[in-house]
Each structure stands twice: as structure tokens, then as C-alpha cells.
Amino acid sequence: MSFSAIVIQFLNGLAGTSSLFLVAAGLSLIFGVSRIVNFAHGSFYMVGIYLAYSLIEYFGRGSALGFWGAILLAGLGVGLIGIVVELVLLRRIYQAPELFQLLATFGLVLVIKDVALWIWGAEELFGPRAPGLRGGIEIMGRTLPEYDAILIVIGPVILGLLWLLLTRTRWGTLVRAATQDREMVGALGVNQAWLFTSVFALGAFLAGLGGALQIPREPANLLLDVTVIGDAFVVVVVGGMGSIPGAFLAAFIISQIKAFCIGIGTVEVFGASFAMSKFTLVAEFVVMAIVLVVRPWGLLGRPQAMPRHAGAAEERISLASRPLSMAAFAVLAILIVLPATADTYTLVLLVDIFVFALFAASLHLMMGPGGMVSFGHAAYFGLGAYGAGLLLLKAGLPMELALALSPLVGALGALIFGWFVVRLSGVYLAMLTLAFAQITWASVYQWDEFTGGSNGIVGVWPAEWLTSKTVFYFMTLLLCGASLWLIRRIIHAPFGYTLRAGRDSPLRADSIGIDLRRHQWIAFTIVGAFAGLAGGIFAFSKGSISPEGLAIPRSVDGLVMVLLGGVQTLTGPVVGAAVFTWLQDEVARQTEYWRALLGLTIIGLVLAFPQGIVGFVKARLPARLGGGL
Amino acid sequence: MLRVAGLHAYYGQAHILSDVSLEGNAGEVVVLLGRNGAGKSTTLKSIIGLVRPAQGEITFEGRRIDGLSAHRIARLGLGYVPEERRIFTDLTVMENLEVGRQPSRAGAPAWSPDRLFRLFPNLGEMRNRPGGRMSGGEQQMLTIARTLMGNPRCILLDEPSEGLAPVIVEQMAATIRELKQEGLSVVLSEQNLHFAASVADRATIIEKGRIRYTGSMAELQANDAIRAQYLTV
Ligand SMILES: Nc1ncnc2c1ncn2[C@@H]1O[C@H](COP(=O)(O)OP(=O)(O)O)[C@@H](O)[C@H]1O
Ligand SMILES: [Mg+2]
């Protein structure tokens, strides 16, 4: 790379910093004060860019005043949406366990996506270039778009304004105080509700503005929400949660790395050519993984006490009460006789339900008794699926053997990632699992020669004797049923008790000589094996595998299932998986806007049952019946 | 002024307070005495609304306050100084005071930073120092000053003498007497009987979440049996 190329890439990186910083700063502020990890923050960005598009169209593409006015108005509009969201939804769930808040904001993501689809359609929308800034600036023989130069300035200006706001006003002082100890701020007479609403509005405004400012640089599209939230999470974690200068620094580092990866192009390493641009998808997650391992609280953040696990007041898990065991046998009996009467469609749906019940139950083992929340559980599901598919097609193993090895592939991935993951706790741990899942996803997505890249793998069919849907159904029932039984045994074995003891009071566990990390590591690996098996079965039931199988939405599906059912009990995730899979299937057949319906259902469920469905039922059953549920 | 009657409180399943009653009259210093873990902090937290009592009645100046959120209770003129101090470590002394600032109210002494710095001269010399870089004694002064910025009529002080050097404890006692002079009512929790005796008018003893004794401080000083039973370690 020549010197001038380096300078230009550096400036490109700086231009990218601004939008990323705006989104991340808002996310960080909101998290700092309300402790809510707002999944919908990327959606605010997306709405910002769409609103800017429409407003510019409305004001006319040629006018500079119209352009900048549209951008500001788009930000303000999103701020207003933020206020509504806070008042209508979040305000009701501040007391709920943190994972339920996450779930609710994820429901919001789905709703906002479909509202955007309804208003703006599925096509990408290209905005105009900024009036009066269509030219370029000559720098050492290369050109930098004028608009990028403006963006380079905007980021630091907003950083400065935010800094003034936070350090020079009473509001800012209260925000900083609440970031450290909001309960104390309340006890001093400050109305937190009002503080939260205003912080949420500001955060949403910043995200909307960040989106709107990108309209001349990228088309508005419906995938922005998830990509942006991924980037913003990374920036917030790398910079340190709640730290605004940290967000800027992290946005700067990550934008620079991305810019240089693109700029460098293809490099020769030991004779093999490697496209650095492919590295952009993983780069930020690699940075995050390194930061989390070396300095978990981020570059400029400070260590914070984090709630360690999801359940509110966790109760003792009791072994199945008699009525419950009987109910379980009844369900099993029905499932066994069902194929005699059911059509193929039902059997296929039930296979999906079994697979996801296992997937969710494995996540539950990790989140409930293990006390480790995973945002990246799809990685092990996907490893199992790809492992089975590749062993079948590339290694030429018989299908039965490939399927039997899928848990090992999942376990191997979990063994490696788990070694890092168990060194952290709380939200940081969850973020690291997300990072590993994204790295896995990006590798699969880009390794065309081996994994089929974005096309995935086709022709992953089961062996001859399993081609009948009924036989495959029974195999799945057997494998998933046995796995669930095993998971239950693990939870009630001394190993499970040790895990829970460690989760509830790590210090005490440590003082009586329990090596908690080691136990968590083993648990993580076991969980990876179960998720891998679920993935393997899933691959053979569909006949194909695509990278979506291990992308963020699959991980979130798992979380939704577990939380929907309730994290305290094993029955919870199983019920949650059944309800979720059935709902998704049912709603998707009825309407194009199934996401919105799903999102509204999730939000409704969270508002109605903050302890999950099973938790809700349990609280209303006599203890004798509810035991072990 | 402040009246607590028949209070019950739980942490999860654990029954922490049972039938706690307590009274603080206007202009008086009353102390809640008890050993570590007796339930003193839980009582004060229930009063200020940080712990939601399961049962019982709390009235402040004739008004029911149980069930109100903490900020509403604080705005009625009831200040709370937590045992753990809970200084905002990133914020300077001035900023900590700013968080506590509330409009002045009738019938309560009005405080400004300057006036507080006369009461706590140390703080005046470190106005721009972050709370995290102060000594324990200085933090204890700051947490009281911060609460006073809300111009309360009554303050709850949770073990203000805990972990302080003897000289500072003396200062603390003087400060509390001065606040009483200003017309402030004080509810204090303490393990240190000597300190309590130097400031309090009346005493209530709590043990294992139950009230064991209520009477004047002078009576308690004279009653060796009670003191031996509930207070000495
Ligand atoms: N957050 C809490 N969760 C569970 N138990 C608690 C909590 N805080 C205090 N306790 C318990 O409640 C009892 C009373 O505590 P506390 O009111 O702090 O006593 P004191 O202030 O008199 O030392 C103790 O047994 C203590 O262990
Ligand atoms: Mg105490």
C-alpha cells in the first residue's frame, strides 16, 4: 500500500467512525442508566435512514436546507419513537429479569422490521447525494468525497456536545450518577422514570441521526437493523459499557480496521492468496473477543457488578412430582401413537419441534443451572449441522455415522470457545458467546470452497431406511427424548448441584474448593454436544444447510424459546420451543407480516408473564402439582 | 413526625423483620440499636421505600408513605443516608451535592453547598475531587451533605460511625447534635452504644428483626440487664 492509499483509507475509516459512534453512544447511554440491552437500537438506526429518505423526497432532492432538515427531523422522529417505546413498553418491565427486557426489545425489532416493510417495501432505497457536497477533495492525488469530509467532522462534534451535556448540565450529572447507582439517585428524590425516558429519547435520537446521516452513502434496506446492532454491541463492549469516549475510541478502531481490510485487498501469505476484505465481517468480533478476554470491562469502561443469572428469585429445582411424571408419560404416549393418524405435514412440524426443544433445553442447561447466558448458541447448532453435512458429503461417511458425530463437532467447538467464555460472567460472557458465533458464521459464510459459502450445502439426505417421514420422526423422537432425559439427569446429578451452587455464590463455591470454571467449561462442552446433535438432526430432516442456521436470529430464537417457557425449569424451554415453532409455522402461513405478529406475541407474553409461561402456570398450581415442572 | 407500626419485611423467603414499630418525634434524635444483622438497615430501607414491606404502616408527618416509590418519599422531606455511603465515585464533590439538590421546603433548614462546607470544612477544600478519591471519613461527610442538599425535615442515618477513626466519630457526633440544633429530626441506626448515647434522646433495640426495648436513652444507660442481653457481643 502506498502512503497516499494509507491516508485515504484512514480518512475512510474516520468517516465510518461517525455513524457507528452515534449508534453506539446511544446504546451505551441507555445501557448505562437503565441496564437494558436494547436490541432494537439497530432498528432505530434503520428507521432513521428510511425516514431521512422519505423526508428528502418530500422536501425535494435538490435543496440543501431540505437535505439537512430532513436528516435532523429523521433523528428527532426516531427520538419520538423512542419516547413512545419507553413509555408504552420498557417502563413496565424495568423490574423484570434482564433477559426478559432483552426479549421484549427483540420483539420490538421484529415489529419495527415489518412496519418498515409495510411502509417502505422490500426494495433497497437509494437516497440522493448531499446537495452542494457532490464533489471530492483532492488528497495526494486521490479523492475523498466531500460528504465523507463532513462526516469526519460530525462525529467529534457530537462527541464534544455529548460531553458538554453530560458534564455541564444537571441532567448530565444525574445521568452519570444513575449510571453508577440509580437506586441511590432515586432515594435522593430524583424521579428515575423521567430520567429513563429522556435518556432513551436521546439514545434513539442519536441512532436515528446516525442512520439518517448514512443515506448518501448506503441504501436503506431491511437488513440494517441486525447488522447495525451487531456492530453497535461490539463498539459498546470494546469501548466499555456506559463510556461515551470509549464508544468513540472503539468506533474509531473498528472502522479503521474495516477500512484497511478493504483497502489492502488480497494478500499473499506463504504463497496462498487471501482476500483481506473477507476479514471485515469477522474483524470486529475478533477485536471484541480479544478485548473481552484481556480487559472484559472494555477499553475505557470500569468493572461493574452484573447480575449473574437470569432467574429472579431462583427456587430449588425439585425432581418431578408424580402428576408431572404422569403427564410426561401421557405426552410421550400420544407422540408414539400419533403417526398412525397424523399427516406428513404434522410429522415434519413435530420433528422441528423436537429438534428445537433439544436446542432450547441445551441452552437452558447453560443458562439456568449453568448461569451462563449465551447470545451465540446457534454456533453449536450450526457446527453440528455443518459437521454432519460435510462428514457425509466431503468425507463420504455413512449418514448414521455422520449424524452420530455431529454432537462431537458441536462439543469440540464448545470446548475451544468455552475455554475463553467461562473466564467471564454476565453480559460480558454473553457478548463473548455472540462474538464466537459471529466468527463461526462469518467463516462458514465466506469459505465458499469448503462450506458452500452463502449457498450452503445441499443433498444432505438421510439413509435409505430413514427416508420415510414416519421412521425419521421416530428416530428424532428417540434421540431428542433420550437427550432431554439425560439433560434432566445432569441437572439433578451432583454435577448439576455444583453448577448451581457456583452460579448462586461463586465466592462460597470457591472457598469450599470447587473449581467453578472447570465445571462451567465441562457444562459448556456438554451443552455444545446437545446443540450439535440438534443441528445434525435438523440438517438431515431438511436435506440442506445454510449459513442462516448459525446466524444471530437462530441464537435469538433459542433465547426466546427458553425465556418464553421460563428459565427456572426444564419443562419451560421444551414448552417454549413447541409454542414458538408452532407459532412461527402457523403465523408464517397466514400472513407476510408474520414477524410483526411474532414480535407482538413476544411483547404481549413478556408483559403478561414476566416469569415465563411455565413459571406463570407454576405460580398458580398447588406446590404438590407444580413440583419439578 | 415519623411512625412505623407493625412492619414485616422479607428478602425472598427469609422473614427479616417481624412486627417492628418505631417512632421519631419532631426535633428529636432517636436511635435504633442492634447487633450486626439485627435488621436495622432493613428497617431504614423499608421506611425510605428501597425495600417493600410485606405488611405494616409507615407514616411521615401524618401521611402514609409505605408503598410509595423512594423518590416520592424523599421529596416529602425524608432524607436517607445509606450505610455503604454509596457516593458517586465518578462525580466530584460538587456534582455529588448537585444530585442531592432539591427545592427548599417550608419548616426545614435550607442548605447550600457553601453552608454545608461550613458544617464540613474538609469538603470545601476538595470541591472538585472525584468521590472515589476520598477517604472513608470524607465520604461519610459527603454522603450526609448530599442528603442534606434535599433540604429534608427528617433524616435516616444508617450506622454513620461505622469504620471511622475515633476522632472522626467525635466529629460525627458533633455534626448530628448540630443538625438537631437546626431543627432536623434524626433517626439513627447504631451498634456503637457509646456514640449513640452521646447524641440520642431515645432508643429502640432491635434483635433478630424484633423490637426488644423502647425507652429514653437515659433509662437505657441505667439498665445494665437490657444492655447486656441485647447489645454486648
Ligand atoms: N439483600 C439481602 N438479601 C438477603 N438477605 C439480606 C439482604 N440484606 C440483608 N439481609 C439479611 O437480613 C438480615 C438483616 O440485615 P440488616 O438489616 O442489614 O441488619 P443490620 O443493618 O442490623 O446489620 C441479616 O440476616 C442479613 O443477612
Ligand atoms: Mg446495617
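The values are calculated or read from the model by the stated rules, or taken from the named source; none is laboratory data. Since the structure is predicted, the reported quantities are computational estimates derived from the model, not experimental observations. No Cβ is skipped: glycine too gets one built from the backbone with ideal geometry, and neighbour counts run over all protein chains shown. Surface areas here come from the heavy atoms of the whole protein model, side chains and all, with no ligands, DNA or RNA. Shrake-Rupley method; radii C 1.70, N 1.55, O 1.52, S 1.80 Å.
Tabulated values for the structure
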read-out	value
Any hit, the stretch A:385-393, residues being surrounded by fewer than 21 Cβ atoms within 10 Å (Cβ to Cβ) and either outside the structural domain of A:Leu102 (by TED's automatic domain parsing) or not hydrophobic (A, V, I, L, M, F, W, C) (or both)	yes
Residues satisfying the stated conditions in the stretch B:43-56, i.e. outside any loop (DSSP other than H, G, I, E, B) and of a type in the set (Gly, Ala, Ser)	B:Ser46, B:Gly56
Members of the stretch B:124-143 found to be crowded, with 23+ Cβ neighbours inside 10 Å and of a type outside the set (S, T, N, Q), listed by number	B:Gly131, B:Met141, B:Leu142
Residue check for A:Val153: more than 14 Å from chain B (Cβ to nearest Cβ), closer than 30 Å to A:Gly62 by Cα, out of contact with any Asp or Glu (no Cβ under 7 Å at 6 or more places or on another chain) and part of a helix (DSSP H, G or I)	yes
Tabulated pairs, the stretch B:28-42, first assigned to a strand (DSSP E or B), second near ligand 2 (Cβ under 9 Å from one of its atoms), C-beta under 6 angstrom, 6+ apart or interchain	B:Leu32/B:Lys40; B:Leu32/B:Ser189
Enumerated helices (runs of 4 or more DSSP H) restricted to the stretch A:1-108, each holding at least 1 residues that are among the charged types (D, E, K, R)	A:41-59, A:64-88
Filter result (in a helix (DSSP H, G or I) and within 22 Å of A:Arg176 (Cβ to Cβ)) within the stretch B:118-135	B:Leu123, B:Gly131, B:Gly132, B:Arg133
Index of the failed condition, B:Glu84 passing every other in (1) within 21 Å of B:Leu193 (Cα to Cα); (2) in contact (Cβ under 8 Å) with a residue 40 or more places away in the chain; (3) within 16 Å of ligand 1 (Cβ to nearest atom)	(2)
Single match in A:Val422, A:Val460, A:Val444 (criterion: within 23 Å of A:Phe279 (Cβ to Cβ) and of a type in the set (A, V, I, L, M, F, W, C))	A:Val444
First in the stretch A:460-481 and more than 23 Å from A:Ser362 (Cβ to Cβ), second anywhere and among the β-branched types (Val, Ile, Thr), Cβ under 7 Å, 6 or more apart	A:Trp465/A:Val471; A:Lys469/A:Thr344; A:Lys469/A:Val348
Helices (runs of 4 or more DSSP H) contained in the stretch B:136-231 and holding at least 1 residues more than 14 Å from chain A (Cβ to nearest Cβ) and within 16 Å of ligand 2 (Cβ to nearest atom)	B:136-148, B:193-199, B:224-230
Subset of the stretch B:55-78 [free of Cβ contacts under 8 Å to residues at least 60 places away in the same chain and either within 16 Å of ligand 2 (Cβ to nearest atom) or more than 14 Å from chain A (Cβ to nearest Cβ) (or both)]	B:Gln55, B:Gly56, B:Glu57, B:Ile58, B:Thr59, B:Gly62, B:Arg63, B:Arg64, B:Asp66, B:Gly67
Among the candidates B:Val93, B:Val81, residue that is within 13 Å of ligand 2 (Cβ to nearest atom), within 17 Å of A:Leu188 (Cα to Cα) and touching a Pro at 6+ places or on another chain (Cβ under 9 Å)	B:Val81
Check on A:Ile71, open to solvent by 50 Å² or more (accessible area, probe 1.4 Å), over 22 Å from the mean Cα position of the chain (by Cα) and of a type in the set (Val, Ile, Thr)	no
Filtered residue count, the stretch A:443-496, keeping only those that are within 20 Å of A:Ala529 (Cα to Cα) and among the aromatic types (Phe, Trp, Tyr)	2
Looking only at the stretch A:172-201, and only at residues there that are surrounded by fewer than 21 Cβ atoms within 10 Å (Cβ to Cβ) and more than 12 Å from chain B (Cβ to nearest Cβ), the one that is farthest from A:Tyr94 (Cα to Cα)	A:Ser198
Flag for A:Ala379 being at pLDDT below 85, more than 17 Å from A:Gly576 (Cα to Cα) and either under 25 Å from the mean Cα position of the chain (by Cα) or part of a helix (DSSP H, G or I) (or both)	no
Any hit, the stretch A:143-150, residues being part of a helix (DSSP H, G or I) and under 31 Å from the mean Cα position of the chain (by Cα)	yes
Leading residue by the ranking (farthest from the other protein chains (Cβ to nearest Cβ)) among those in the stretch B:36-54 that are basic (Lys, Arg) and out of contact with any Gly (no Cβ under 6 Å at 6 or more places or on another chain)	B:Arg52
Of all residues making up the stretch B:29-66, the number that are more than 16 Å from ligand 1 (Cβ to nearest atom), crowded, with 18+ Cβ neighbours inside 10 Å and over 26 Å from A:Arg182 (Cα atoms)	1
Answer from B:Glu170, B:Glu182, B:Glu219, B:Glu162 - the residue that is open to solvent by 10 Å² or more (accessible area, probe 1.4 Å), within 14 Å of ligand 1 (Cβ to nearest atom) and at pLDDT 90 or above	B:Glu162
Cross-chain or 6+ apart pairs with Cβ under 6 Å, the stretch A:326-353 first and at pLDDT below 85, then open to solvent by 60 Å² or more (accessible area, probe 1.4 Å) and part of a helix (DSSP H, G or I)	A:Thr344/A:Lys469
Qualifying residue in the stretch B:24-46 (condition: of a type in the set (D, E, K, R) and more than 14 Å from ligand 2 (Cβ to nearest atom))	yes
Elements of type helices (runs of 4 or more DSSP H) in the stretch A:547-611, at least 3 residues being touching a His at 6+ places or on another chain (Cβ under 6 Å) and assigned by TED's automatic domain parsing to the domain that holds A:Thr433	A:552-565
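Results for (1) surrounded by fewer than 22 Cβ atoms within 10 Å (Cβ to Cβ); (2) under 22 Å from the mean Cα position of the chain (by Cα), shown as yes or no for each residue.
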site: A:Gly532; (1), (2): no, yes
site: A:Ile537; (1), (2): no, no
site: A:Pro573; (1), (2): no, yes
site: A:Gln590; (1), (2): yes, no
